[in-house]
Amino acid sequence: MTTTIVPNRAVFEEANSVLLEHLSPSKVARFWAEVSAGSGDYVALKRKLFAGETVDSLVEAVRDFENESAA
């Protein structure tokens with residue numbers, strides 16, 4: 001038995017065509033927006049990642065990183 005692996009892009013295009021056959025373009029757009037949305041609480045993550053940081057401390061961290069990368 002042999003199988004053919006279809007590229008992800010082809011699967012996406014076929015699925016999009018099927019959706020457009022049965023739904024209005026606005027509903028298809030809403031569907032893709034919903035399934036493509038990230039998950040989790042961005043604000044909570046941002047607060048956790050940058051707790052105690054200031055713009056100046058972040059600028060300094062970026063400059064330090066760039067200097068280390070250039071060395």
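What pairs come up if the first residue lies in segment 1-19 and is in contact (Cβ under 8 Å) with a residue 12 or more places away in the chain, the second is in a helix (DSSP H, G or I) and surrounded by 10 or more Cβ atoms within 10 Å (Cβ to Cβ), and their beta carbons are under 6 Å apart, counting only those six or more places apart or on different chains?
LEU19/VAL28
Go through the chain and tell me which helices (runs of 4 or more DSSP H), entirely inside it, have 2 or more residues that are surrounded by 10 or more Cβ atoms within 10 Å (Cβ to Cβ) and not charged (D, E, K, R). I'd like the intermediate steps shown before the answer.
Working: elements: 8-22, 25-36, 42-49, 55-70.
By residue number, 8-22, 25-36, 55-70.
I need the full set of residues from segment 29-61 which are closer than 22 Å to LEU19 by Cβ and of a type in the set (A, V, I, L, M, F, W, C), in order please.
Selection gives ALA29, PHE31, TRP32, ALA33, VAL35, ALA37.
Since every read-out is calculated from the coordinates, none of them should be taken as a lab result. Source: prediction; values computed, not measured. Ideal geometry is used to build each Cβ from the backbone, glycine not excepted, and the neighbour counts take in all protein chains shown.
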